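Report on the structure given below.
A short reminder: the numbers here are calculations on the coordinates, not readings from a lab. Quantities reported herein were computed from a predicted structural model and do not represent experimental measurements. Glycine also receives a Cβ, built like all others from the backbone with ideal geometry; neighbour counts cover every protein chain displayed.
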Number of protein chains: 2
Amino acid sequence: MEQRISLITLGVADVARARAFYESLGWQGQEVEETVFFQAGGLALVLWGRDKLARDCGLDDAGTAAGFGGIALAHNLRSPAEVDELIATAERAGATVTRPPATTFYGGYAGVFTDPDGHAWEIAHNPGFRLADDGSLVLPDFSNL
Amino acid sequence: MEQRISLITLGVADVARARAFYESLGWQGQEVEETVFFQAGGLALVLWGRDKLARDCGLDDAGTAAGFGGIALAHNLRSPAEVDELIATAERAGATVTRPPATTFYGGYAGVFTDPDGHAWEIAHNPGFRLADDGSLVLPDFSNL
């Protein structure tokens, strides 16, 4: 198995609401059959009905949209000021800020919001993780730190 | 907000068990302070204790590792035979196959497994989604289909 991920699909209660949230952050998606696809670097972020996604995975969906789903996404930025700006933009777009931006234990600066379906996004400036010009994250060789 | 994702962190009950699972699929990671980082194309997949991740996100973790967390990851391949092979490899590594490989409603061929913590992975061949030489997924312009 190559070390790559092709799509991340977020199960959502209301595709139109979820699409409007991400578009208010500046993303542009394409909708096909009640599914929204966003090109995000070398993969796609997808919004799809949570019930359909669970069924498609062969899984029972006992949970609700509330609470922690066990996965967090992160979007890294180049400065603390960009973190403050994006967290504020997300809050205006209807996100819930679950951890206000602050310095972190790893020497960076980050905050966390959840989208309208409770999916967690850490918005971070981490000086130890390089961002390439195209925004790709490049892990350091930790053995050299 | 640029259309990109920097990290995907999977909350896990046992970091060593989760690391062993992904390494048995062929991935190679670096562990730092009970956190495992895998470079995956232009982002990183991270394994971290589920309790720590929830707390770090400012979220209550009422759920357990069982059930559907609301997100599915996908790994796309270049042929149906590769899908069968990877699903079999994952099952040997301890995954639970929740949807055996079969043709899909979108004209491809895919199956789904969950990792030891219940995180869902669709393993798919989707002829409509091009894979670049480096494995990056490139969405089509759906308006041209």
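Using each residue's phi in segment B:137-145, evaluate 6.51 cos²θ - 1.76 cosθ + 1.60 at θ = phi - 60° and report the 3J(HN,Hα) Karplus result to the nearest Hz, with x for Gly and Pro. 3J(HN,Hα) across segment B:137-145, in whole Hz: 8, 10, 5, x, 7, 5, 5, 9, 8.
Plainly put, the tip 7 Å out from Cα toward Cβ on A:Tyr106 is 2.9 nm from that tip on each other copy, the closest given first. One way to sum up the overall shape of segment B:83-145 is the equivalent ellipsoid from its Cα gyration tensor, whose semi-axes run 25, 13, 10 Å, largest first.
Restricting to segment A:66-145, compute how many DSSP beta bridges are antiparallel as a %, nearest 5.
Details: 13 of 18 bridges.
Here the antiparallel bridges make up roughly 70 percent for segment A:66-145.
Residue exposure proxy: A:Val83, B:Val15, A:Val32, ordered by other Cβ atoms within 10 angstrom of their Cβ from fewest to most, comes out as A:Val32, B:Val15, A:Val83. Report, to the nearest 10°, how far helix B:15-24 tilts away from the longest principal axis of the Cα atoms in chain B, using its own Cα long axis and a range of 0 to 90°. Result, in degrees: 30.
Summarising the overall dimensions of the protein assembly as shown from its C-alpha atoms, the Rg and Dmax are 17.7, 49 angstrom. Computed over segment A:1-63, the range of Cα coordinates on each principal axis works out to 34, 33, 20 Å, biggest value leading. Only Cα pairs under 8 Å and 6+ residues apart enter the sum, and on that basis the relative contact order of chain B stands at 21 percent. Between copies, the label points of B:Ala132, set 7 Å from Cα on the Cα→Cβ line, lie 0.8 nm apart, reported in increasing order to one decimal in nanometres. Relative to the longest principal axis of the Cα atoms of chain A, the long axis of helix A:80-92 lies at roughly 20 degrees.
For chain A, the fraction of alpha-carbon pairs lying more than 22 Å apart is 45 percent, rounded to a whole number.
Can you compute log10 of I(q)/I(0) for segment B:50-118 with the Debye formula, treating each Cα as one identical point scatterer, at q = 0.11, 0.20, 0.23 Å⁻¹? Debye intensities relative to I(0), on a log10 scale: -0.36, -0.86, -1.01. Across segment A:54-61, coupling constants 3J(HN,Hα) worked out from phi with the 6.51/-1.76/1.60 Karplus curve, θ = phi - 60°, read 4, 4, 5, 8, x, 10, 7, 9 Hz, and Gly and Pro carry x.
Distance from the axis that maps chain B onto chain A is least for the Cβ of the chain B residue given, with the whole Å value, as B:Gly69, 2. DSSP finds beta bridges in the protein assembly as shown, and of those with both partners inside it, around 70 percent are antiparallel. Between copies, the label points at B:Arg92 (set 7 angstrom from Cα along Cα-to-Cβ) are spaced 5.4 nm, reported in nanometres from shortest to longest.
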